[in-house]
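Read the figures in this text as sums done on the coordinates, not as results from a lab. Computed from a prediction, not measured in an experiment: that's the story for all the values here. Here the Cβ is made from the backbone with ideal geometry for all residues, glycine too, and neighbour counts use every protein chain on show.
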Amino acid sequence: MVLHLHLRFLPASSILHLMPVIYGFYASVSFPSYLLFRKGEMSKNNLSPFSTLRNSMNEGGSNLLALLNLCKKLEDLKQFKSHLILHGAMEDEYLVGEFLRLCFYLDVHELALGAFYSIQKPTLFLQNIMLRCLCNHGLYKELLALYLKCQKSGCLSDNFTFPFVIKACAALSDHRTGKEVHCTVLRTGFEQNLVVQTGLIDMYAKVGHMEKSRLLFDRAPQLDLVSWNALLSGYSMNGLYQEAIEVFKQIWTVGLKPNASTLATIVPVCTHLRILDTGRSLHGFAVKCGFCSDEALVPAFISMYGGVGDLCIVRKLFDLLPERNVIAWNAMISAYTQNKRSSEAFELFRLMLQGNMLPNSVTYISMFTSCDYLGSSWCGESLHASGIKHGLEHQISVTIALISLYAKDGDIDSAKFLFDEIPEKNLLSWNSMISGYVQNGFLDLGLAAFRNMQTTGLIPDAVSIVTILSACSRLDGIHLGKSAHAFILRNGFESNINVLNSLLAFYCDPEQLSSSLVLFHKMAMRNVVSWNTLIAGCVHTGNIGDAISLLRQMQQEDVRLDLVTIITILPGFCETEGLVQGMAIHGHAIKIGCCSDISLVNALVSMYFNCGDLSSGILLFECMPERSVVSWNALLTGYRYHNLHREAIVLFRRMTMEVHKPNYVTLLNVLPICSTQLQGRSIHAYAVRTGAILEPPLFTSIVLMYARFENVNVCCLLFKLVDKSNISMWNTMMAVHVQSKNSQNAVATFCELLQTEVEPDHITILTLISASLQLRSQNLTQCIMAYIICKGFEKDVFIYNALIDLNARCGNIFVARKLFDFLAMKDAISWSVMINAYGMHGNGEAALSLFSQMKNSGVGPDDITFVSILSACSHAGLLDEGQVLFNSIAEHGMQPGMEHYSCLVDLLGRTGRLHEAFDLVKSLPFKPSASLLESLLGACCIHGNIKLGEEIGKRLSEIDPENSNSYVMLSNIYAAAGRWTDACRLRSEMEGKQLRKLPGFSLLGVN
């Protein structure tokens, strides 16, 4: 039995190799029953291993360990377990341990778990065996459940237990359990164990808590290369690439030599940072150290060269491999996919199948991405069928990738069907479904799925939070976003860099930008994405000064400006004063070697045009070795911005003759500059032929083009043909009727809209109010007010202000004031509208009183407010007050404009101070407008000043010779003075020039 005792200390695999020796030993010591296990006798007696086992045990045999190795299937193991229980061998921890190992070896872990849970007091030895086997088979959920149950039963833990449990927490991103395990480690005194320390460093890194990972790393008394690799991998995984580079440098500094695992981690960092020179150096180091054939490292180099588009080297690396495993194939397919070479990726996939290399889940996930670039749904469906053929349809990662693929194609129903078919939905599957809803605009469904996920017991991770923040931003849900912020703080995500960057993006709107700045300065750790996000927010909200300050601070803190930083800051330079700064950014782009990027050159072309340097923009465009559609659109937009319509049309014709086809953005730029309806019709025909007309913004632009040429019939015909499920189409048609002074049709269109399921938006209401302003119908005004209140549109301050103005113009000054008083948050426009209302009704005192209230409320007047109050003074004849107000414009940091001078001239003219008004006109810092001279000419007509009237009439006819008003008013002055000859002469001149007096009309419609 000495041999039996020694066998207890050997693993099962070693015993299998020693079986011939074991059989010979038992035969030599007169154990004839064991000779039955020899293959020949088993065949001769036609006995299964377990029928032989039963015979041997009936004969009194005791070597269950040797018999265990004959178990080849589930039934054998079940019978062996029964014999263990029957003979009381469940107390033999080594024998039970070998049984558990064999269960996992034969992939029947349920039997192992059942056997283990049947033991009343499992030992530390058996616990560690189970933890190791579960970890090796990736059964992390079961591992944590078993560990927690063992803890409750009083089973101890040692330095072999903790690494497996910590690894499971990292794999499941279970931060909470990981912290509990960490506490247990500290309590039991195993925190000094290097393997346990390394596991904790890795765990905290994988759940996104890099500051804790770094803290543990810095406190460790001794570190080996594995610990350094764990920290390096953590920085890389969390997108902290600069920190990863620093750690790699420190590895050399402390005297450690990087291994293949180190290089496989740092090479992707070089890919992300686009530092190919460093990557090439690492490649040379790998060749020197003999790592060039490492199965994990070579795919990393393939991915690195593929990331910079060097597919020649990628192909050479792949072709030089002596043996190509599935990882190498996957890296090649991924490289082609990254470079949007989907056809080559599909060809590699075909060669892979022909070479009898079975694809795995990673292969299909890369191929699904290629389908995205092809934009063809049948490719995805074909790959779906191929995945089913190779038995991968039940793999959760493949299913999740398919959900994402169908969601990106807009087939949310298929995505939902696949999601519902998943028996046990993990966090990643929920995240994919939530993301699919948000991508397709089903924001409420995305938020509902986020809530449902939590009811199943799953804890959201960083990806979940990022997606939900995106939904909150698109919903303009400030309160929802703040709730998400609170959730982030409560669940310990405040140190996750990706979550914080998404939170920054959420707060980057005009009303919340200050919160974004506060959050940014509180961030303990920032990467280049953080800076780019905030700079983009400042540029988007017009705070270009803050954006430039952030850019300078970024450089002072030695944060490397990347391509995104430069492209983000360039749109902020849109005036002549910004040209120097834009040129400096251009110079920096040349310095860091990214000036050849096509996206950057497109942004530079736009910047030079926006800053008025057209020659530089054109030169950059002409020197581009390769142009995209965006390049043409950038130049086309620049021409349109500077009213170079002829050059824009020539550029469009040139574009149609070259390789790139215009897209709907191109056509959106061309339509407004068409000088004839024939040109517009040509663009319309091109849009129909290319299918671009299906884009709602382009269709809207085409309708507005026909409206500009007063072809309302075609607009109505197009409106009948279009899909009316989009509210923008209804808004456009209503706007066309308002523009053509046919507001009754605009109201009729709105009534037709109410019969559909399409909900009006704030633009619809503003257009309806504009129509009502033309009709001046009090009944219609009251109906609109009722509808606005019923639908809750009165919360929109723009609509509310328009409603005040509408009532005032329709004569309901009392209602207008009531509406104004009910408005809780009044902006400058609200005060200006009400002041203007009093002015229109001749109540200058009320207007002045309201102006004083406005200043006392803390709302500063703007240029529109001063136009309103000066106009009110003019209508009321309040000369002294008007002059004081005019002089106070400069005190508020503004310069008087043409409208302000017109009001003052009108005020002087109404009060009879004609010469003073004319002196003011002659001293204007700019050319007087026709309306200003008309106002003064009207005053001359009222006060009978013929001489001054003649001089003003002469100036007015020079400025606007086609305007009949000046002739009529001057003729009236002559007639009032009895100078009928001069009056008849002017009338004759009007007839000779075919000028007609505009007919009068009523400001109010009475029903």
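Some points to look at:
- When the stretch 390-432 is reduced to its Cα atoms, the Kirkwood hydrodynamic radius in Å: 10.2
- The H on the amide N of SER777, modeled in the peptide plane, is under 5 Å from the matching H of GLY1005, each at least 5 residues off or on a different chain.
- Computed over the stretch 569-633, the alpha-carbon pair-distance distribution with 5 angstrom bins reads 4, 19, 32, 27, 15, 3, 0, each value a whole percent.
- Exposure rule at most 12 other beta-carbon atoms within 10 Å, DSSP loop chymotrypsin sites (Phe, Trp or Tyr not before Pro): the chain longest free segment: 10-925
- With a threshold of 29 Å on the Cα-Cα distance, the over-threshold entries among LYS141/LYS416; LYS257/LYS591; LYS724/LYS818 are LYS257/LYS591; LYS724/LYS818.
- Relative contact order (%) - criterion: Cα under 8 Å, at least six apart; region: the chain: 3
- Integer Hz, Karplus 6.51/-1.76/1.60 couplings in order for the stretch 665-678, x for Gly and Pro: 5, 4, 5, 4, 6, 7, 4, x, 9, 5, 7, 10, 5, 4
- Residue separation of ALA448 and CYS790 scaled by 0.36 nm, minus their Cα-Cα distance, works out to 120.4 nm of gained length.
- Three-way shape call for the stretch 429-520 based on the alpha-carbon gyration tensor, with the a/c threshold at 1.5: oblate
- Per-residue HN-Hα couplings for the stretch 801-813 [Karplus 6.51, -1.76, 1.60; θ = phi - 60°; Hz; x = Gly/Pro]: 4, 5, 5, 4, 5, 4, 5, 5, 6, 8, x, 8, 5
- Pairwise Cα distances in the stretch 514-633 exceed 26 Å for 21 percent of all pairs.
- Cα-only radius of gyration and Dmax that characterise the stretch 784-904, units Å: 14.4, 46
- Karplus-derived 3J(HN,Hα) values for the stretch 197-202, using 6.51 cos²θ - 1.76 cosθ + 1.60 with θ = phi - 60°, are 4, 4, x, 5, 4, 5 Hz; glycine and proline are entered as x.
- Take every Cα pair under 8 Å whose residues are at least 6 apart in sequence, average their separation, divide by the length of the stretch 324-393, and the relative contact order is 32 percent.
- Ratio Rg/Rh, restricted to the chain and using Cα atoms, in which Rh is the Kirkwood radius: 1.11
- Nearest-20 debye value, the stretch 324-393 charge dipole, Cβ charges on Lys, Arg, Asp, Glu: 180
- Hull-based mean projected area of the stretch 684-804, where the convex hull spans the alpha carbons, in square nanometres: 7.5
- Shown is the FRET efficiency for SER725 and ASP413, computed with R0 = 25 Å from the Cβ-Cβ distance and rounded to the nearest 0.05: 0.90.
- For the pair LEU924 and LEU773, the difference between a 0.36 nm per residue extended length and the Cα-Cα distance amounts to 51.0 nm.
- Calculated on alpha-carbon atoms, Rg and Dmax of the stretch 324-393 in Å: 10.9, 30
- Computed on the Cα atoms alone, the convex hull of the stretch 337-471 gives a volume of 108 cubic angstrom per residue.
- Peptides 562-568, 722-728, 614-620, ordered by how many other C-beta atoms sit within 10 Å of their residues on average, highest first, read 562-568, 614-620, 722-728.
- The stretch 750-777 and the stretch 219-233 have Cα centres lying 67 Å from one another.
- Ranked by the mean number of other Cβ atoms within 10 Å of their residues, highest first, the peptides 854-861, 596-603 come out as 596-603, 854-861.
- Total charge dipole magnitude, the chain, about the Cα centre, Cβ charges on Lys, Arg, Asp, Glu only, Debye to nearest 20: 1220
- Residues of type lysines that LYS922 reaches as a straight line, Cα spacing below 27 Å, ignoring anything fewer than 8 places off in the same chain: LYS947, LYS954
- Think of it as helices only: each DSSP H run of n ≥ 4 in the chain is worth -39500 (n - 2.57), and spread over all residues that comes to -22000 deg cm²/dmol at 222 nm.
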